[in-house]
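Asker: Provided herewith is a single structure, encoded as C-alpha cells, for subsequent inquiry.
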Amino acid sequence: MTLYWNERAETMSRDELAARQVERLRATVVRARERNPLYRDSLAGIDPGDIRTPEDIRRLPFMDKDSFRISYPLGMLCVEQNELREMHMSSGSTGTPVVMAYTEADLNQWAECMARCYRMAGIDRGEAIQITPSFGLFNGGFGFYHGGRKAGLFIIPTGSGNTPRQIQLMQDFKVKALMGVVSYAVRIKEVLDETAADLPDLKIGIFGAETFSDSMRQKIESSLGIEAFDIYGMTETGGVGTTGMDCPAHEGIHVWEDQYIVEIVDPATGEPVPDGQPGEVVFTSLCREAIPVIRFRTGDLTSVRSRGRCACGRTSLRLNRITGRVDDMLIVKGVNFFPKQVEQALLEIPGVLPEYQILIEDHEGVRDVRILVEAEPGVTGYMVEKHLKERLQFSPKGDVLAPGSLPRQPGKAKRVFFKNLD
Ligand code: DLL
C-alpha cells in the first residue's frame, strides 16, 4: 500500500501549492459573486486580479455561522437547486440550522478528502471499517461512507446505538478500523466491560467531532488496543475530514491545503496571529460548488504547528489539535480555562474514568465549579480536588460517582452545565 491517496496533491512543494491556491481562490471569488446576491454584495469592490498570493485573502471579508443562519435554507447557493444531490445540517447551539448542500462534484470532493484520511491512517482497499455516527442530517455517518466508497473499503454502516451489537459486528466482520465521535469510543469500552465481550481485533480508530485531551486519547488507545487519529471537519466546510486529520506521526492535523486555505486570526480583532500563537481558525473552500465558504470564522481555537514537511512526507500546513471553541472558554474567579484542560487533568488521576460533567454554579454573582466524575473505588473527592487545584490554578469541588452514574448521550457529549443557585 502506498502512503498517500493522492501523492501529487499531498506532497507538492509549497510554492506550487501557493500558486494553486491563488488560482482557485480567484475562481471561487468570481463564481460566488456571479452566482449569489449575498456574495455579490459582500464581495463588491474586490478585484480578483489583486489576489496574487494566498495572504491576499486578507482583502476579503469574513463570514460566520450567522451568514448561514440568516440565509436558511439555501440562500447561499451558487448553483441551481436541480444540481443538488444531498444536504446535511447541524442545529448548532442556538438551534438555528446551518445547512450545507452538495452537487455531485462536491460529494466527490468530500470523498476525496476522506479517502486521503483513510489512506493516511493506514487503511487499504478491501479492509473493513465500521461507521458509528448516525446516518442522517449529521454529516458524520455519510462523510465516512462517501470516503469509504471512494477508497474501496468494506463498509459496515452501523450508525449509532445498540453498542453490544456493534461489538458483535466488529468481531464477525473482522473490522480493522472504527469511525466515531470521541465519546462513543469511551462507550464501546464500557459496554465491553459490562458484557465481558472479547476485545475486538481493531487496529485503528478515527475519532473527532469533539475536542479530546491527550489523556483521553491515550485512554481510548490503550483500552481498545488501537491507534487513534484525530479527524477534523464541520458542516460549513463540507463535513467530516474536509479540513484534515493527523497522520501516524501525530504531529498535528494536516489541512488539505489544495482544497482549503486556513488562517488563524485573533478572535477579537480578526487580525492574523503568528504561527504557534493561539487564535480562531478560518477556512476558505477552494473547490466547492454549491455553497463555497470564504473566510468562514469557525469559532474553533488552535494554532499553526508547522508549515514544514512532516515526517510522513506531506507538505501541508499542520494545526495543533483543537483546544475548544471561542464560546467554550469558562471564566471562574478570574481564571480562564477550557473544558479540555479539566478533562486532561482528571484523566491523569489513576482510577478516574472518562465520564464527567463540569457544573458551573452561580451564587449571588460568584461562580463556583463542581466536577462530577466517575471513578473506580478508592478515588476520593479530595484526590480530585487536590490534583485539579495543582493543574488548573483554581479550586473546583470534586464529586466522585460510581461507574455508570452519569447519563450517557448519543452523539456529541455535553460536558458543561450551568446552574443558578439564587
Ligand atoms: O462534527 C464533523 C465531524 C463528524 C468531525 C465526525 C469528526 C467526526 P459539525 O457537527 O458541524 O461537524 O461540528 C463541527 O465540531 O467546528 C468543532 O468545534 C468540532 N469538531 C469537529 N471535529 C473536531 C475535532 C462535525 N477533531 C464542530 N476536534 C467544529 C475538536 C472538533 N473539535
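Asker: Just checking: which of the helices (runs of 4 or more DSSP H) contained wholly in the range 76-177 hold 2 or more residues that are basic (Lys, Arg)?
Answerer: Output list reads 104-121, 139-150.
Asker: Right, next: What are the pairs, 6+ residues apart or on separate chains, where a residue within the range 146-160 that is in contact (Cβ under 8 Å) with a residue 40 or more places away in the chain has its Cβ under 8 Å from a residue that is assigned to a loop (DSSP other than H, G, I, E, B) and open to solvent by 20 Å² or more (accessible area, probe 1.4 Å)?
Answerer: Hits for this filter: Ala151/Trp5; Ala151/Arg125; Ser160/Ser134; Ser160/Pro410; Ser160/Gly411.
Asker: Related question: Scan the range 292-303 residue by residue and report those that are within 16 Å of the ligand (Cβ to nearest atom), within 27 Å of Glu7 (Cα to Cα) and of a type in the set (A, V, I, L, M, F, W, C).
Answerer: Passing the criteria: only Val293.
Asker: Is it the case that the range 345-356 has a residue that's touching a Lys or Arg at 6+ places or on another chain (Cβ under 8 Å) and of a type in the set (Gly, Ala, Ser)?
Answerer: yes
Let's see how each residue does on (1) assigned by TED's automatic domain parsing to the domain that holds Gln409; (2) of a type in the set (Ser, Thr, Tyr); (3) under 22 Å from Ala413 (Cβ atoms):
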| position | (1), (2), (3) |
| --- | --- |
| Phe144 | no, no, yes |
| Gly148 | no, no, no |
| Thr158 | no, yes, yes |
| Gly161 | no, no, yes |
| Pro164 | no, no, yes |
| Ile167 | no, no, yes |
| Val191 | no, no, yes |
| Asp198 | no, no, no |
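Asker: Taking into account only those residues within the range 227-248 that are in a loop (DSSP other than H, G, I, E, B) and either within 9 Å of the ligand (Cβ to nearest atom) or open to solvent by less than 10 Å² (accessible area, probe 1.4 Å) (or both), which is nearest to Phe135 (Cα to Cα)?
Answerer: In this case the residue turns out to be Gly238.
Asker: Here is a further query. Of all the residues that make up the range 249-289, how many are among the β-branched types (Val, Ile, Thr) and either in a loop (DSSP other than H, G, I, E, B) or outside the structural domain of Leu84 (by TED's automatic domain parsing) (or both)?
Answerer: Residues meeting the conditions: 3.
Asker: Within the range 362-375, track down each residue that is buried (at least 17 other Cβ atoms within 10 Å of the Cβ) and farther than 15 Å from Val186 by Cα.
Answerer: Asp368, Val369, Ile371, Leu372
Asker: Filter the range 108-144 for residues that are surrounded by fewer than 24 Cβ atoms within 10 Å (Cβ to Cβ) and of a type in the set (D, E, K, R) and give the result.
Answerer: Scanning the range 108-144 gives Glu112, Arg119, Asp124, Arg125, Glu127.
Asker: Can you tell me which condition Thr323 does not meet? The list is (1) farther than 26 Å from Gly276 by Cβ; (2) at pLDDT 95 or above; (3) buried (at least 17 other Cβ atoms within 10 Å of the Cβ), and all the others hold.
Answerer: The failed condition is (1).
Asker: Any idea how many residues of the range 389-415 are modelled with pLDDT of 95 or more and hydrophobic (A, V, I, L, M, F, W, C)?
Answerer: Count: 4.
The values are calculated or read from the model by the stated rules, or taken from the named source; none is laboratory data. Everything numeric here is computed off the predicted structure, so don't read it as measured data. Counting neighbours? That spans all protein chains shown, and the Cβs are built from the backbone with ideal geometry, glycine included. Note: accessible area is taken over every heavy atom of the protein model, side chains too, but ligands, DNA and RNA are not part of it. Shrake-Rupley method; radii C 1.70, N 1.55, O 1.52, S 1.80 Å.
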